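First up is the structure itself, then whatever we jot down about it.
We did not get these values from a lab; they are worked out from the coordinates using the rules stated. On a predicted model such as this, the values are computed, not experimentally measured, just so you know. Cβ placement follows ideal geometry from the backbone for every residue including glycine, while neighbour counts extend to all protein chains displayed.
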Amino acid sequence: MTDKRTQQMADQSNTEKNPEDWTTGDEAMTGAQRSYLTTLSEEAKVPFDENLTKAQASMRIDELQQTTGRGQPRQREEEKIVETIAEVDAHGGDTRGVSDR
């Protein structure tokens, strides 16, 4: 569980930087990026560009995840957690009748 200060500071966090701002963004993509991009490219039926930089590969992964639907279930799971918390709050902490999801 996070406290309010941690939640407030999250908006100011630099844990997720724009790939264009990465100091190593112009280096060759990593092996993990190459592997994942190969899979995503095959699923999306688009050519794989083996000459992408780390930053370009990251952005391409984001694009192909949208195309293929990969990476979406995690977002849905987070939405379910938020819904469950809202239901518990609505019942004043009484979880009777709140379904397991």
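Within the range 45-61, can you find the residues that are assigned to a helix (DSSP H, G or I), among the hydrophobic types (A, V, I, L, M, F, W, C) and surrounded by fewer than 18 Cβ atoms within 10 Å (Cβ to Cβ)? Full working, then the answer.
So the first thing to find is which residues in the range 45-61 are assigned to a helix (DSSP H, G or I), and the list is 54-61.
From the residues that got through so far, the ones that are among the hydrophobic types (A, V, I, L, M, F, W, C) too are 55, 57, 59, 61.
Selection gives Met59 alone.
Only residues that are among the hydrophobic types (A, V, I, L, M, F, W, C) and more than 17 Å from Glu20 (Cβ to Cβ): list them for the range 31-71, please. Please lay out each step first, then the result.
Going through the range 31-71, the residues among the hydrophobic types (A, V, I, L, M, F, W, C) turn out to be 32, 37, 40, 44, 46, 48, 52, 55, 57, 59, 61, 64.
Residues satisfying the conditions are Ala32, Leu37, Leu40, Ala44, Val46, Phe48, Leu64.
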